[in-house]
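The values are calculated or read from the model by the stated rules, or taken from the named source; none is laboratory data. Values in this document were obtained by computation on a predicted structure and should not be read as measured data. Ideal geometry is used to build each Cβ from the backbone, glycine not excepted, and the neighbour counts take in all protein chains shown. Remember, those area values only see protein heavy atoms, side chains included, never the ligands or the DNA or RNA. Shrake-Rupley method; radii C 1.70, N 1.55, O 1.52, S 1.80 Å.
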Amino acid sequence: MMERLLHFFAQYPIDLISHLSSILSIIAGALRYKYLTPNLKAIWVLFILNFIKDTYSLIIIFTEPSNAYIYNIEPIYQTILIGVIFYLSFDGSANRRLIGALTGICTLITLFYYQKDQVSTVSLSVFKLFAIVLSLSYFNKVVMDMRVKNIMGHSMFWFTAGLLVYAAGTFFTVLFSEFIFNPKIVDDETFSIYWNLNSFLFILFAVLSAISIWFGKFDRENLI
């Protein structure tokens, strides 16, 4: 098993970096835990689950013919946690009710279109759109509220920026995932290009999220 694992990482080194990138947020959360607000704790939990999912998926890739069912679980728990994160980040009962309703609808869609044997294009696309909408809404909230003294020191700015880049950058990839990730249609080189793009963007998202968690200590003094 270990020999095959080392061979896999030697062949796909970006996958290893992408896998380990979640540890940045996990470590940052452990070190800053007492300063974390509920929304930052939810970000921390998100990356713990991402790391567990990636680790389990890596193990079963050598024992089962497909790990697609693991990747199709990802948009389900990510939709719930992203919804929780932004629910806790917005003020006002109307905004929270809207986010709660949208989270519930998108979660039901990802559950309904869950597939065991192939990538679920609908579930992944719905999650990406959901993340894009909430990210843009949060940026609009920050601009309208004008309560943040230094946007670069605002913890949720980094997480939201990373999420927006990741979701928008991979949206068209997942939109055509049934074609791109089908080895019967697409050659290995083309698959690697799109897979590495997803990995690069996730690494960026993980790094920016770790910065977000780290800056959580200074959020109170950064608000007007």
Candidates Trp214, Trp195, Trp44, ranked by Gaussian network fluctuation over the chain, Cα under 10 Å, top entry: Trp195
Which percent of the accessible heavy-atom area of the chain goes to carbon and sulfur, probe 1.4 angstrom? 70
Run the numbers on the chain and let me know its relative contact order in percent, using alpha-carbon pairs under 8 Å that are six or more apart. 28
Rounded to 10°, Cα long-axis angle of helix 13-31 versus longest principal axis of the chain: 30
Which one of Val174, Val207, Val133 has the biggest mean-square fluctuation once the chain is modelled by GNM with Cα springs under 10 Å? Val133
Mean-square fluctuation check for the chain, GNM, Cα pairs under 10 Å: which of Arg32, Arg96, Arg147 is largest? Arg147
Amide H to amide H under 5 Å from Val148: which residues, 5+ apart in sequence or cross-chain, H placed 1.01 Å off N in plane? Ile224
Let me check I've understood the local charge: for Asn222, count other residues with C-beta under 14 angstrom from its C-beta, Lys and Arg +1, Asp and Glu -1. What total comes out? +1
